[in-house]
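**Student:** Below you'll find the structure I mean.
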Amino acid sequence: MSKNKVNLKYGGKNKMKKMLKLFLVAVMCLSVVACGQSSKDDDIEVKDAVELLNNVWSTYSEDELFPAMGGDYNTMAENAPGKFDLSDANTVENLLHFPSGSLEFVDDAASIMHMMNANTFTCGAFHVADGKMDQVSSATKDSIMNTQWICGFPQLLVMVDVNGYLVAAFGNEELITTFKTKLLEVYKNADILFEERLA
């Protein structure tokens, strides 16, 4: 076989290998882009605090549900989250343990709590102004941690940032853990800010 024929034979194989490598690189790039796109598509936009909590509450099975009420005294919802009026600082602080000094940084809120005992399960969702999440979450954590509890001691506190909404839940460890798991399943881009046992 002549030298030129050998070069053509092996040169062709090298070109095929290069083409195959380029093809594989292109496929990998497309798959990475597709994966990134699907994770973005999985994120659920948060329209308001009530919808945020409803999206989580709606994932509970019949066996997981417990008697609950949402909202405040004037906008009470039975067995569902409800809008919470922020104009009465005392009610916000007494029911949700959200510090009244941080209300200026919040423009929307919702709640859901155990109907029999708020210390068993209480959850508030608060839309926090840009750049204030660290300050507001720290003050809320301190408010809850420093509460002198009556009628049972909450076992676990979890605080999560969901697209600029602070979600603070405390109560029975099993109920709070279930809520946290469901919240993170619905809002895959959520960040746990704080999780600690209270008792």
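**Student:** For residues that are among the basic types (Lys, Arg) and more than 18 Å from SER111 (Cβ to Cβ), scanning just segment 168-198, find the one that is farthest from the chain's Cα centre (by Cα). Step through it out loud before you land on a result.
**Tutor:** If we filter segment 168-198 for residues that are among the basic types (Lys, Arg), which is where we start, we get 180, 182, 188, 197.
Keeping just the survivors that are more than 18 Å from SER111 (Cβ to Cβ) gives 188, 197.
Working: LYS188: 7, ARG197: 19 Å.
Taking the candidates together, the pick is ARG197.
**Student:** Now for a different question. Would you confirm whether any residue within segment 101-124 is touching a His at 6+ places or on another chain (Cβ under 8 Å) and over 20 Å from GLU51 (Cα atoms)?
**Tutor:** Looking through segment 101-124, at least one residue is touching a His at 6+ places or on another chain (Cβ under 8 Å) and over 20 Å from GLU51 (Cα atoms).
**Student:** Considering only segment 168-194, state which residues are surrounded by 14 or more Cβ atoms within 10 Å (Cβ to Cβ) and over 15 Å from THR120 (Cβ atoms).
**Tutor:** Answer for segment 168-194, where residues must be surrounded by 14 or more Cβ atoms within 10 Å (Cβ to Cβ) and over 15 Å from THR120 (Cβ atoms): ALA168, LYS180, LYS182, LEU183, LEU184, VAL186, TYR187, ALA190, LEU193, PHE194.
**Student:** Determine whether segment 46-59 contains at least one residue that is in a loop (DSSP other than H, G, I, E, B), under 18 Å from the mean Cα position of the chain (by Cα) and closer than 12 Å to GLY124 by Cα.
**Tutor:** The answer is no, given that none of the residues of segment 46-59 is in a loop (DSSP other than H, G, I, E, B), under 18 Å from the mean Cα position of the chain (by Cα) and closer than 12 Å to GLY124 by Cα.
**Student:** Output the number of residues of segment 98-125 satisfying the condition of being in contact with an Asp or Glu (Cβ under 7 Å, 6 or more places away or on another chain) and small (Gly, Ala, Ser). Explain how you work it out, then say what you get.
**Tutor:** If we filter segment 98-125 for residues that are in contact with an Asp or Glu (Cβ under 7 Å, 6 or more places away or on another chain), which is where we start, we get 99-100, 108.
Within this subset, residues satisfying the condition of being small (Gly, Ala, Ser) are 100.
Total meeting the criteria: 1.
**Student:** Select from segment 130-167 the residues that are open to solvent by 10 Å² or more (accessible area, probe 1.4 Å), of a type in the set (S, T, N, Q) and over 16 Å from the mean Cα position of the chain (by Cα) and list them in ascending order.
**Tutor:** GLN135, SER138, SER143, ASN146, THR147, GLN148, GLN155
**Student:** Can you tell me which residue in segment 39-94 is least open to solvent (accessible area, probe 1.4 Å), limited to those that are polar (S, T, N, Q) and under 23 Å from ASN172 (Cα atoms)?
**Tutor:** THR91
**Student:** Another question, then. Go over the candidates LEU166, LEU184, LEU175, LEU96 one by one and state the one that is modelled with pLDDT of 95 or more and touching a helix residue (DSSP H, G or I) at 6+ places or on another chain (Cβ under 7 Å). Let's see the steps before the verdict.
**Tutor:** Working: LEU184 fails: touching a helix residue (DSSP H, G or I) at 6+ places or on another chain (Cβ under 7 Å); LEU175 fails: touching a helix residue (DSSP H, G or I) at 6+ places or on another chain (Cβ under 7 Å); LEU96 fails: touching a helix residue (DSSP H, G or I) at 6+ places or on another chain (Cβ under 7 Å).
LEU166 is the lone residue from the list that is modelled with pLDDT of 95 or more and touching a helix residue (DSSP H, G or I) at 6+ places or on another chain (Cβ under 7 Å).
**Student:** If ALA109 passes every condition in (1) in contact (Cβ under 8 Å) with a residue 60 or more places away in the chain; (2) surrounded by fewer than 18 Cβ atoms within 10 Å (Cβ to Cβ) but one, which one does it miss?
**Tutor:** (2)
**Student:** To continue, here is another question. Kindly establish whether PHE126 is of a type outside the set (Ser, Thr, Tyr) and within 16 Å of SER143 (Cα to Cα). Steps first, answer last, please.
**Tutor:** On the way: of a type outside the set (Ser, Thr, Tyr): yes; within 16 Å of SER143 (Cα to Cα): yes.
Yes; evaluated as a whole, the condition is true for this residue.
The values are calculated or read from the model by the stated rules, or taken from the named source; none is laboratory data. No experiment lies behind these values; they were computed from the predicted model shown. Note that each Cβ is placed from the backbone with ideal geometry, even for glycine, and that neighbours are counted across all protein chains shown. Ligands, DNA and RNA are stripped out before the accessible areas are found, and what is left, the full protein with its side chains, is counted by its heavy atoms. Shrake-Rupley method; radii C 1.70, N 1.55, O 1.52, S 1.80 Å.
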